[in-house]
Amino acid sequence: MGLVHRRWILPDDPDRPIGGQQLARLWRGLLELGVLDENDDVLFEQLALPLPEGESEPERRDIPAQASTGLLLAAKSSATLVTQVVRLDEGHRDPYRGPTGKNGEVEEGEWRDYTLYQVDQQNTWLVPIGIEGIVCGNCGKPAELDLPWFGEAQLLEVDVYSCPSCDAKLDPARDKAALRSGDIFLLEEVCCRAALSVELPVAPAAEEIPDLAVAGLLREAFGGTDELAHDGVEPA
């Protein structure tokens, strides 16, 4: 398939509470709008939190799309994702072009990969794209940070990490994160409790989702949002 573009939509406040009811409504809304395929299965993954010592594999299973909203509602003390690949040539709505695509047409075989993430555990955050290292805001020294992966994101247990140079505890409002994309942000700007990942063959022309109905669903679930772009990545 080659390399693809991945766009992350996340709340602009990492501490904003986002529960299973909000995410279930978002996922159900995407089904009702025809963004997702209600007649196809989705992949559901769940990883118990807090993370145990050593490696831990998430539970994985294929489930009917309509049943996935119930699993989002029931998710507790875990990291959860639901994901589905949709073929646009089957008539599905594209959030970046609207219900029928540009000029009413789509390229044969064009697709979108949607993944909704949820983390329900205090002091554990999701980090889209993934971190290569942390620049300590206390001493200014960089350090590599090897975090566990969940889907195409990482899980950060805030209370576990401290700076190897000065032993300062992690402070998301002070420390900077060097992402795998090469971008550097304050850590709190790239951490979240929930996120929607949209994977496309190439980057869309729009910086933000132009489909007002889909954008409204995201505002209802997340409040204010930020978007992170990651180009040239392996498809999920």
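Listed conditions (1) at pLDDT 90 or above; (2) closer than 19 Å to Val198 by Cβ are all met by Leu72, apart from (1). Scanning segment 136-152 for residues being surrounded by fewer than 18 Cβ atoms within 10 Å (Cβ to Cβ), over 24 Å from Glu199 (Cβ atoms) and modelled with pLDDT of 90 or more gives a total of 7.
Just need a number here: residues in segment 184-197 that are more than 8 Å from the chain's Cα centre (by Cα) and of a type in the set (A, V, I, L, M). Going through segment 184-197 one residue at a time, the tally reaches 4. Take the residues in segment 10-43 that are more than 25 Å from Glu59 (Cβ to Cβ) and under 15 Å from the mean Cα position of the chain (by Cα), then tell me which one is modelled with the highest pLDDT. Per the criteria, the residue is Pro11.
For Leu43, indicate whether it is in a helix (DSSP H, G or I) and over 25 Å from Glu189 (Cβ atoms). When the stated conditions are applied, Leu43 does not pass them. Applying the criterion of being touching a residue at least 12 places away in the same chain (Cβ under 8 Å) and farther than 20 Å from Gln122 by Cβ to the residues of segment 153-173, the residue that is surrounded by the most Cβ atoms within 10 Å (Cβ to Cβ) is Cys163. Residue under question is Ser181, and the condition is that it be more than 22 Å from Ser78 (Cα to Cα), buried (at least 17 other Cβ atoms within 10 Å of the Cβ) and either among the polar types (S, T, N, Q) or free of Cβ contacts under 8 Å to residues at least 24 places away in the same chain (or both); does it hold? Criteria met by Ser181. Looking across segment 141-179, the residues that are within 18 Å of Pro58 (Cα to Cα) and out of contact with any Gly (no Cβ under 9 Å at 6 or more places or on another chain) come down to Pro148, Phe150, Gly151, Leu155, Leu156, Glu157.
Please tell me if Gly34 is in the same structural domain as Ser68 (by TED's automatic domain parsing), surrounded by fewer than 17 Cβ atoms within 10 Å (Cβ to Cβ) and at positive phi. Yes: the conditions hold for Gly34. Within segment 25-48, residues that are in contact (Cβ under 8 Å) with a residue 60 or more places away in the chain have Cβ atoms under 7 Å from residues that are charged (D, E, K, R) and buried (at least 19 other Cβ atoms within 10 Å of the Cβ) in these pairs: Leu33/Arg93; Gly34/Arg93; Val35/Arg93, counting only partners at least 6 apart in sequence or on another chain. Scanning segment 203-227 for residues that are over 22 Å from Gly29 (Cβ atoms) and buried (at least 16 other Cβ atoms within 10 Å of the Cβ) yields one hit, Ala203. What about Glu199, is it out of contact with any Cys (no Cβ under 9 Å at 6 or more places or on another chain), in a strand (DSSP E or B) and surrounded by 15 or more Cβ atoms within 10 Å (Cβ to Cβ)? So Glu199 passes the test. The residues on offer are Leu51, Leu26, Leu36, and the sole one that is of a type outside the set (D, E, K, R), in a loop (DSSP other than H, G, I, E, B) and under 17 Å from Asp113 (Cα atoms) is Leu36.
The values are calculated or read from the model by the stated rules, or taken from the named source; none is laboratory data. Predicted model only: the values in this text are computed from it and were never measured. Positions of Cβ are backbone-derived with ideal geometry, glycine not excepted, and every protein chain shown enters the neighbour counts.
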